[in-house]
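Below you'll find the structure, written out as structure tokens, and then a few comments.
Rule-based calculations on the coordinates, nothing more; no lab input. Every value quoted in this text rests on a predicted model; they were computed, and no experiment measured them. Cβ: placed from backbone, ideal geometry, glycine included. Neighbour counts: every protein chain shown.
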Number of protein chains: 2
Amino acid sequence: MSERLVVVGGDAGGMSAAATASRRRDRDSLEIVAFERSGFTSYSACGIPYLVGGIVHDPDTLIARSPEEHRAHGIDVRMHHDVTAIDMTSRTVAYRDLGARRDGTVGFDHLVLATGASPIQPDVPGTDARGVFGVQHLDDGIAIRREIAEGRPKHAVVVGAGYIGIEMAEALLSQGLQVTMIDRGEHPMPTLDPDMGALLANAIRRIGIDLRLEQTVDALTSEDGHVRRVVVEGEELPADLVVFGLGVRPSSALAADAGITVGPTGGVTIDDHARTSAPDVFAAGDCVETFHRVSREPVAIALGTHANKQGRVAGINLTGGDAVFPGVIGTAVSRVCALEVGRTGLSEAMATAAGFEPRGIRFDGTTRASYFPGAQEIQVKLVVDESSGRLLGAQVLGEEGAAKRIDVFAVCVWNEMTVTEVMELDLGYAPPFAPLWDPVVAAARVAVAELG
Amino acid sequence: MSERLVVVGGDAGGMSAAATASRRRDRDSLEIVAFERSGFTSYSACGIPYLVGGIVHDPDTLIARSPEEHRAHGIDVRMHHDVTAIDMTSRTVAYRDLGARRDGTVGFDHLVLATGASPIQPDVPGTDARGVFGVQHLDDGIAIRREIAEGRPKHAVVVGAGYIGIEMAEALLSQGLQVTMIDRGEHPMPTLDPDMGALLANAIRRIGIDLRLEQTVDALTSEDGHVRRVVVEGEELPADLVVFGLGVRPSSALAADAGITVGPTGGVTIDDHARTSAPDVFAAGDCVETFHRVSREPVAIALGTHANKQGRVAGINLTGGDAVFPGVIGTAVSRVCALEVGRTGLSEAMATAAGFEPRGIRFDGTTRASYFPGAQEIQVKLVVDESSGRLLGAQVLGEEGAAKRIDVFAVCVWNEMTVTEVMELDLGYAPPFAPLWDPVVAAARVAVAELG
């Protein structure tokens with residue numbers, strides 16, 4: 001008898017699960033139905049700033065796989081369908097067809113929750129004016145681009161100096177706008193330590209972005225329904241385009257309402273097989289919380305790479321396989337004009353909170369042999385456990401060739417290497433690629449010397 | 001009472017040992033004497049092709065630390081001094097001052113052998129003509145550059161298609177010469193597998209180098225004492241500049257003559273503390289053989305990174321410390337014009353020889369999100385142990401951003417990760433830096449699928 005898999009959410013997590021399951025079972029034995037509220041499946045939200053910045057021209061290129069492509073693989077994708085409830089007793093989900101304005105229910109044998117995350121809403125009057133945007137859905141990117149083309153705005157204010165805010169600020173700057181960026185924190189990118197955050201703040205200001213830290217937005221004011229000013233700490237800033245990038249929270253209400261366990265971060269709790277607390281219910285993507293391998297605590301990190309892997313693991317396990325998602329270490333990279341920034345593992349503050357005794361080690365080096373043309377400065381920060389010498393985290397900042405070195409540190413952190421072991425690594429050396437002591441190894445060497 | 005450290009060889013291995021020892025002991029307790037045959041200390045041999053190619057203009061920039069700088073750190077550096085014998089009974093070394101043409105002996109309490117490696121000499125008539133060069137010493141690079149400027153050669157023949165041969169071929173091409181490269185092997189860079197080697201051969205030919213494989217040089221012919229032709233398999237090729245880059249062999253005769261153990265590779269045998277078989281005698285750099293962490297066999301790999309680390313370890317241990325050099329995994333990177341190549345661990349052939357049952361897995365991807373400008377093709381080869389799934393080695397080929405990904409694989413190989421574990425890694429993702437599935441993770445995923 002045929003079974004049915006129902007997937008709630010048609011982006012990275014849900015469609016990875018659906019696609020994986022469809023490869024492992026034929027259509028006669030497993031029917032797959034996927035519900036998606038929006039008009040897009042499997043798109044790259046991380047690409048939105050590059051759409052706004054004109055680096056990517058066609059929004060369709062950000063769609064990894066369209067509904068039609070998923071259907072060609074036997075997945076019954078229902079677009080503009082909003083799942084409103086899960087009934088674990090009858091094993092059904094209730095949905096609303098937003099187009100036909102019709103409600104329905106469908107039974108499931110296996111369920112994958114991939115409801116994603118919702119942007120944190122600013123608690124500020126005036127955000128309903130035209131010219132005010134979020135950065136979550138592909139529609140947001142398309143709308144901002146249209147606003148730039150048609151409204152010809154001159155002054156942009158970006159609220160929030162996390163990754164997406166910074167990438168949006170760069171994109172708007174590249175489109176000729178004056179850009180102000182406001183954040184309530186001490187430095188941009190809160191997962192950096194203050195010393196590296198200060199270097200990043202300087203770099204952001206050098207490229208011409210008016211970065212205002214430790215400030216909050218009081219209100220937006222409009223004329224004729226279009227935003228014109230942002231009031232910040234009592235000061236009125238001109239603003240004909242406002243973008244909120246305050247981060248996201250897991251969308252877990254659907255799960256919670258069905259009695260499925262939601263963890264302290266607000267994300268759906270999953271085990272290392274992507275199983276929720278309910279039988280036959282898996283979850284994947286931005287709606288879940290996952291295990292941080294260094295802090296050993298749950299974290300909610302909205303990132304397509306995790307969503308894809310979790311979806312794949314769910315798709316394998318619900319079809320009788322055995323796959324594991326062993327957790328994350330918070331690796332991230334970003335770019336602001338020529339400046340690259342990367343981080344992995346724990347910052348000093350996170351390490352202290354997790355019960356380690358961290359020591360921060362700074363090292364400044366170059367990305368290539370210092371005599372080689374194109375050698376750029378790279379600033380490295382290591383977070384090391386003082387008693388064991390274990391590398392808990394790393395942060396890098398620099399120009400071309402800097403950010404992806406975080407991957408080397410990420411594999412070191414993943415393997416719980418000490419800085420002595422990192423120093424001993426056999427990494428690639430040739431003058432166009434690295435100095436004789438690669439910054440990764442050189443930073444570890446400094447740490448070994450400082451720890452004594 | 002003061003002790004004396006004698007260092008034989010003033011390049012990376014020897015001077016790292018000397019510098020490390022000088023930082024750990026004051027001059028009154030440890031006198032340090034270093035003998036160097038040439039006129040240079042601590043130079044970057046890897047930089048020679050870039051000197052020839054005009055990317056680096058001043059040979060002095062390739063010198064990491066001059067004799068004067070070493071002397072300022074209290075090291076008695078004796079240039080143009082050739083150490084001719086070691087007497088382990090009297091604990092003395094005999095030397096010849098090549099400048100003053102005077103012989104002498106000096107006693108030691110600690111000895112570091114860093115005699116380097118010698119270029120493999122071609123067994124070909126006619127190599128004593130003008131216009132024929134090696135690529136080992138800084139003098140070679142300076143001489144080739146002078147020959148290009150003054151002799152205005154048109155046809156270069158490079159013999160040997162290892163790293164240094166390829167980099168020299170690129171350098172000569174960039175100087176406007178027609179370049180033929182000859183190698184007796186099936187493909188360039190013998191540490192690659194044949195499939196990746198074939199891709200590299202194609203790329204080398206595409207940039208305009210006449211690459212002739214499985215051919216050997218019969219003779220060089222000259223006119224007026226200057227080379228004019230290279231005879232290859234009976235065919236005469238015009239050649240007014242010939243460069244031999246046939247690789248190097250450890251220079252271990254001095255050690256062997258003193259009864260110090262030399263291993264099967266011809267390199268001085270050292271343990272993981274850089275100790276030789278003789279008491280108080282350490283060795284470091286291109287003259288030693290070291291432990292390959294994957295094959296568990298001794299290897300001789302001439303590379304400045306290893307020399308530096310071994311020298312540091314010797315310097316620490318001979319001054320009463322405890323440092324370890326845990327071996328190598330054969331990581332290497334190189335560049336041919338826009339093409340980057342990297343390798344680490346074992347090739348398929350090496351893995352078979354070491355008793356593994358290797359399976360080669362190929363994956364073609366892109367260095368950035370495929371929609372992002374500047375995304376380049378990257379070709380990845382993994383060598384995986386069939387029964388355990390352990391990653392034994394990796395090779396990458398591609399344009400900008402390809403080669404340094406080998407470092408990520410290198411840390412995986414170092415930690416004996418399986419391809420399943422590699423697939424699970426949390427690596428940095430953002431469209432300018434990687435696709436959602438980074439080529440490292442994507443290649444591992446293909447391997448997991450193929451191994452079943």
Charge context of B:SER252, other residues only, Cβ under 15 angstrom, K/R +1, D/E -1: -2
Dipole of chain A, positive end: most advanced residue of A:GLY107, A:ALA161, A:LEU51 [Cβ charges, Cα centre]: A:GLY107
Percent RCO, i.e. relative contact order, over the stretch B:311-350, from Cα pairs under 8 Å lying at least 6 residues apart: 27
For A:THR418, distant residues with modelled amide H under 5 Å away: A:LEU391
Exam field: A:ASP58 pseudo-label spacings to other copies (7 Å along Cα-Cβ), nanometres: 5.2
Spatially proximal lysines relative to A:LYS404 (Cα-Cα < 27 Å; intrachain offsets below 8 disregarded): A:LYS309, A:LYS381, B:LYS309, B:LYS381, B:LYS404
Computed lengthening from A:GLU377 to A:THR216, 0.36 nm per intervening residue step minus Cα-Cα distance: 54.6 nm
Whole-Hz couplings from phi, Karplus 6.51/-1.76/1.60, listed for the stretch A:240-253; x for Gly and Pro: 9, 8, 10, 10, 9, x, 8, x, 9, 10, x, 8, 10, 4
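Please sort by residue number the trypsin sites (Lys or Arg not before Pro) in the stretch A:40-144 whose DSSP state is loop and whose Cβ has at most 10 other Cβ atoms within 10 Å. Numbers along the way, then the final one.
On the way: sites: A:ARG65, A:ARG71, A:ARG78, A:ARG91, A:ARG96, A:ARG101, A:ARG102, A:ARG130; in loops: A:ARG65, A:ARG91, A:ARG101.
Passing sites in the stretch A:40-144 are A:ARG101.
So what is the relative contact order of the stretch A:222-346, in percent, for Cα pairs below 8 Å that sit 6 or more residues apart? Before the final figure, lay out the partial values.
Numbers: 206 pairs, mean separation 20.8, N = 125.
Rounded, it is 17 percent for the stretch A:222-346.
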Residues whose placed amide H lies under 5 Å from that of B:VAL158, excluding near-sequence neighbours: B:THR180, B:MET181, B:ILE182, B:VAL243
Distant-in-sequence amide H partners of A:VAL7 (H built 1.01 Å from N, under 5 Å): A:VAL33, A:ALA34, A:PHE35, A:VAL112
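Can you check what the net charge comes to around A:ALA332, using other residues whose Cβ is under 10 Å from the Cβ of A:ALA332 (Lys, Arg +1; Asp, Glu -1)? Write down the numbers at each step before the final one.
Details: positive: A:ARG343; negative: B:ASP426.
The answer is 0.
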Within the protein assembly as shown: Cβ-based charge dipole about Cα centre, in debye rounded to nearest 20 (Lys, Arg +1; Asp, Glu -1): 300
Chain B: relative contact order in percent, alpha carbon pairs under 8 Å with at least 6 residues between: 13
Cα lying deepest toward the dipole's positive end in chain B, options B:PRO264, B:GLY327, B:ALA64, charges on Cβ: B:ALA64
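Could you tell me what percent of the DSSP beta bridges with both partners in the protein assembly as shown are antiparallel, to the nearest 5? Display every interim value, and only then the final one.
Working: 116 of 191 bridges.
Taking every DSSP beta bridge within the protein assembly as shown, about 60 percent pair in antiparallel fashion.
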Whole-Hz ³J(HN,Hα) from phi, Karplus 6.51 cos²θ - 1.76 cosθ + 1.60, for the stretch A:18-34, glycine and proline x: 4, 5, 5, 4, 5, 6, 9, 9, 7, 5, 6, 9, 9, 8, 10, 10, 10
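If we count every other residue with Cβ under 14 angstrom of A:ALA129's Cβ, Lys/Arg +1 and Asp/Glu -1, where does the sum land?
On the way: positive: A:ARG130, A:ARG228, A:ARG229; negative: A:ASP128, A:GLU147, A:GLU223, A:ASP224, A:ASP240.
Net charge in that neighbourhood comes out at -2.
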Positive-pole candidate from A:VAL313, A:HIS273, A:THR367, dipole of the stretch A:269-428, charges at beta carbon: A:THR367
Distance between the stretch B:1-71 and the stretch B:318-341 - C-alpha centres, whole angstrom: 19
Antiparallel DSSP beta bridges within the stretch B:261-373, as percent of all bridges there, nearest 5: 75
Mean projected area (nm²) of the alpha-carbon convex hull when chain B is viewed from all directions: 23.5
Mean-position separation - Cα centroids, the stretch B:416-452 and the stretch A:176-209, in angstrom: 31
The stretch A:47-92 - charge dipole about Cα centre, Lys and Arg +1 at Cβ, Asp and Glu -1, debye rounded to 20: 140
Fraction of beta bridges assigned by DSSP in chain B that are antiparallel (%, nearest 5): 60
Check: the stretch B:224-297 dipole with +1 on Lys, Arg Cβ and -1 on Asp, Glu Cβ, in debye: 200
³J(HN,Hα), Karplus 6.51/-1.76/1.60, whole Hz, each residue of the stretch B:279-290, x for Gly, Pro: x, 6, 10, 10, 9, 8, x, 5, 7, 9, 10, 10
Distances in nm from B:THR105 to the matching label points in the other copies, shortest first (labels 7 Å along Cα to Cβ): 10.1
Teacher prompt: B:GLU69 distances to equivalent labels in other copies, 7 Å Cα→Cβ, nm: 5.2
Principal axis box of the stretch B:148-243, alpha-carbon based, largest edge first, Å: 43, 28, 18
